[in-house]
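K.L.:
Below is a structure I'd like to ask you about.
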Amino acid sequence: MKYFLVLWVSLLGLQARADEVKQIEELYAQWREAVATADIPSYVSVLDPDVRLIPPGADVIEGAAQYAQFLTPVFEAATYKIEVITPPMVEVLDDIAIAEYEYVIHLELKNPAQGVTEAGALTASRTEARYFDVLRKNESGEFRVWRHTWQ
């Protein structure tokens with residue numbers, strides 16, 4: 001009976017982790033949709049309020065409000081399509097999770113005479129990158145992107 005109880009508790013823990021991974025995978029699907037539709041409120045909704053965007057070669061952007069401000073001219077200048085090369089591989093570590101994935105971002109300028117000028121934004125018509133995110137669980141038990149970077 002003791003072993004059955006241990007097995008049952010272990011299985012419950014595995015199911016909880018599987019549910020968390022599924023929630024995070026859905027978060028990334030929502031994020032991709034927000035990028036494709038230039039929906040800044042939906043984009044920002046997947047972010048932790050204390051998010052840090054760490055773009056290669058540019059200053060760090062701190063906080064969801066500043067991230068939203070950064071996105072406004074970016075989405076005004078271009079449309080984006082995400083091609084998933086490797087979907088997010090998620091590892092949950094209690095209240096923290098790590099996601100690694102690879103995307104190709106296709107950018108189309110709305111006005112070719114004016115490019116994307118925000119430091120840290122993707123500016124090439126095609127960018128293939130490996131992404132690394134750290135997510136943390138909020139008070140509601142939902143994971144949000146806390147650190148976001150790529151190379």
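No value in this document is a laboratory result; all are computed from the given coordinates. Just so we're clear, the structure is a prediction, and the values are computed from it rather than from any experiment.
K.L.:
Restricting everything to alpha-carbon atoms, can you work out Rg to Rh for the chain with a Kirkwood hydrodynamic radius?
P.N.:
When Rh is taken as the Kirkwood radius, the ratio is 1.07.
K.L.:
Any idea what angle helix 2-37 forms with the longest principal axis of the chain, computed on alpha-carbon atoms, 0 to 90 degrees, nearest 10?
P.N.:
10 degrees
K.L.:
Can you give me the P(r) profile for region 65-136? Cα pairs, bins 5 angstrom wide beginning at 0, each as a whole percent.
P.N.:
4, 15, 19, 19, 19, 14, 7, 3, 1, 0
K.L.:
Angle between the Cα long axis of helix 64-77 and the longest principal axis of the chain, 0 to 90 degrees, nearest 10?
P.N.:
For 64-77 against the chain, the angle is about 40 degrees.
K.L.:
Between S125 and E76, what length comes free when the chain is fully extended (0.36 nm per residue of separation minus the Cα-Cα distance, one decimal in nm)?
P.N.:
So the chain would gain 16.1 nm between S125 and E76.
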